Amino acid sequence: MDALYRAEPRPRRTTASSPLPWARFSAWLDCVCVVTFDLELGQAMELVYPHDFRLTEKEKTSICYLSFPDSYSGGLGDTQFSFRLRQSGGQRSAHYEDDGEYNREAPLTLQRESAHYFGYVYFRQVKDSSMKRGYFQKSLVLVSRLPYVNLFQSLLQLIAPEYFDKLEPCLEAVCNEIDQWPPPVPGQTLNLPVMGVVIQVRIPSRVDKPGSSPVKQFNQENLLPAPLVLPSIHELDLFRCFQPVLIHVQMLWELMLLGEPIVVMAPSPTVSSEMVLALTSCLAPLRYCCDYRPYFTIHDSEFKEYTTRTQAPPNIVVGVTNPFFIKTLQHWPHILRVGELKMSGDLPKQVKVKKLTKLKTLDTKPGIYTAYKTFLHKDKTLIKRLLKGIQRKRPSEVQSALLRRHLLELTQSFIIPLEHYIASLMPLQRAITPWKNPPQIRPFRQDDFMKTLEHAGPQLTCVLKGDWLGLYRRFFRSPNFDGWYRQRHKEMTQKLEALHLEAICEANIAAWMKDKSEVEIVDLVLKLREKLVRARCQHLPVKEETLQRVGLYIETIIDSLPEDLQAVLHHH
């Protein structure tokens, strides 16, 4: 094993299957950072690997501050948590060349981020008399654009203790191993070897049925030793995260749906980051389109932006641990104060909803500080089922599945009427003719949608009573509606383009050309070529044979023209 950790810095590999050095590594991670505590400098970046990965100074500073727990919440031992960081310095080309295929096939909630990094942290603080300060304090941080919190935290549990023991050669060997991994392909089950262990994961796909339980055990393929199977790469233990707020889950779901500004005040970065990630996941399969920061410090570059009182708080969920935030963020409309998450045999003490004026500057008791009144009535059956589960000592993952199912059904009941209405705005297929531009998608009219709710509203699939209409009206003003509508409109536009190409393929081109002038025919060639390029660039949902037939049509049309025009068009 020791030989493995004395790995020499290796030459950059460049093969046909992996044209760029570190290409496979960066399909999963952008880089690995080591942050240490320096007596003169405070938190300092000790190492970035691969060495040639370029973080801006602003990103390095942010990662340093976000990789250590606040002094208020630092205990001895090992701590794991996550953060999310706005990229600075514009788009950069990664070693991994992704043409967008992953994002087209992955669920919307698991997209590769384009403007943010996730940081997955393993922090160790232990007494060490050899250190000037008397403590060893170091963080190992995995930086990625993928929201695979379970996978990366499990990976850290394997590599961080070993790294703190053996340092850089160990890290280099691990990165070399990750650079052999296959890329994350939605729908595939992958075996990922690292440090003598094989982690087995399934990458979720957009075509998975929402709410289908992850496969517990995959094909073992006679793997020895038996693999470490992760039931999910990203799903947290929702029941554990939401324990102190179970009776308020519906209120929190509404606040998230409406993209309301929320502060989560927690005793540690672990609790803060888990609660924020649990909140952002509770709208699945609807994508949470607002910003969120699982852990946030007063040193963050956006601190001024969030604490200013000259404008309304932004649409963001922010997790904090420093009590100073109680003072600086008390103008925010919703503040969730939670204590340590402890799993016990009984229902933990449930926090109360309190007025914002009750926020004490320092010793603030756990609670949801808000003036918000829910649109929907509370679902008492869910609480009863979870209570029964606690009494029967039902495993936490079963309770989590119950909770996730409830939230999924709630989201689906809310979204299905919107899906039905937007589908009705699509032009009829018979209105798509080959020689005219495809008809436009009709505009989304909120009043027309509201009229559909009487006969086809959420009441068809959800027993919850309340002011559904009021909830929709508020939702229309939220970034989540905007994000959902843009995504659907884009998909429908691409579907229209695809149907138009199919209509062209089925048309009789020779008959159309009979009475057309050369100018009209050349115009058609140019338009068809443009359509073909767009279909390939945007990966439209069109069969390859359809695209090939359009290509043949173009050749047939060109061949019917005079030779001088043919030469121009072939050259064009």
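Which of the residues that make up the range 442-458 are out of contact with any Pro (no Cβ under 7 Å at 6 or more places or on another chain) and either at pLDDT below 95 or part of a helix (DSSP H, G or I) (or both)?
Selection gives Q446, D447, D448, F449, M450, K451, E454, H455.
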Members of the range 436-450 found to be surrounded by 12 or more Cβ atoms within 10 Å (Cβ to Cβ) and either closer than 24 Å to E497 by Cβ or charged (D, E, K, R) (or both), listed by number: P438, P439, I441, R442, F444, D448
Any pair with Cβ under 8 angstrom, 6 or more apart, that starts in the range 172-190 at a residue that is among the aliphatic types (A, V, I, L, M) and ends at one that is open to solvent by 50 Å² or more (accessible area, probe 1.4 Å): A173/L4; I178/R24; V185/E105; L190/R202
The range 68-113: number of residues that are at pLDDT below 75, surrounded by 16 or more Cβ atoms within 10 Å (Cβ to Cβ) and not aromatic (F, W, Y): 4
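Can you list the helices (runs of 4 or more DSSP H) found entirely within the range 461-520 that contain at least 2 residues being surrounded by fewer than 12 Cβ atoms within 10 Å (Cβ to Cβ)? Break it down stepwise before answering.
Values: elements: 468-475, 479-506, 509-513.
Hits in the range 461-520: 479-506, 509-513.
Mind checking which residues of the range 27-47 are in contact (Cβ under 8 Å) with a residue 60 or more places away in the chain, over 20 Å from N176 (Cα atoms) and under 27 Å from the mean Cα position of the chain (by Cα)?
The first filter runs over the range 27-47 and keeps only residues in contact (Cβ under 8 Å) with a residue 60 or more places away in the chain, leaving 27-37, 39, 46-47.
Among the residues that remain, those that are also over 20 Å from N176 (Cα atoms) are: 35-37, 39.
V35 - this is the single residue of the range 27-47 that is in contact (Cβ under 8 Å) with a residue 60 or more places away in the chain, over 20 Å from N176 (Cα atoms) and under 27 Å from the mean Cα position of the chain (by Cα).
If we scan the range 423-434, do we find a residue that is open to solvent by 50 Å² or more (accessible area, probe 1.4 Å), hydroxyl-bearing (S, T, Y), in contact (Cβ under 8 Å) with a residue 60 or more places away in the chain and under 30 Å from K527 (Cα atoms)?
yes
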Within the range 23-67, considering residues that are over 16 Å from L85 (Cα atoms) and aromatic (F, W, Y), the one surrounded by the most Cβ atoms within 10 Å (Cβ to Cβ): F25
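Yes or no, residue by residue, for (1) open to solvent by 10 Å² or more (accessible area, probe 1.4 Å); (2) of a type in the set (S, T, N, Q):
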| site | (1), (2) |
| --- | --- |
| I262 | no, no |
| L279 | no, no |
| P294 | no, no |
| R309 | yes, no |
| G319 | no, no |
| Q350 | yes, yes |
Subset of the range 500-518 (residues that are farther than 15 Å from K436 by Cβ, more than 49 Å from the chain's Cα centre (by Cα) and not hydroxyl-bearing (S, T, Y)): A510, A511, M513, K514, D515, E518
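If I go through the range 420-470 residue by residue, how many of them are within 30 Å of K516 (Cα to Cα) and either aromatic (F, W, Y) or over 29 Å from the mean Cα position of the chain (by Cα) (or both)? Spell out the reasoning first.
First pass over the range 420-470, keeping only residues within 30 Å of K516 (Cα to Cα): 427-441.
From the residues that got through so far, the ones that are either aromatic (F, W, Y) or over 29 Å from the mean Cα position of the chain (by Cα) (or both) too are 427-440.
Of the residues in that region, 14 qualify.
Could you list all residues from the range 552-568 that are among the polar types (S, T, N, Q), assigned to a helix (DSSP H, G or I) and in contact (Cβ under 8 Å) with a residue 40 or more places away in the chain? Can you show your working first?
Let us first name the residues in the range 552-568 that are among the polar types (S, T, N, Q), namely 556, 560, 566.
Among the residues that remain, those that are also assigned to a helix (DSSP H, G or I) are: 556, 566.
Passing the criteria: only T556.
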Residue count, the range 134-155 (criterion: over 16 Å from the mean Cα position of the chain (by Cα) and farther than 17 Å from P69 by Cα): 3
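The values are calculated or read from the model by the stated rules, or taken from the named source; none is laboratory data. Keep in mind that this is a model prediction, so the values were computed, not measured. Heads up, the Cβs are rebuilt from the backbone with ideal geometry, glycines too, and the neighbour counts pull from every protein chain shown. The area values use the complete protein model at the heavy-atom level, side chains included, leaving out ligands, DNA and RNA. Shrake-Rupley method; radii C 1.70, N 1.55, O 1.52, S 1.80 Å.
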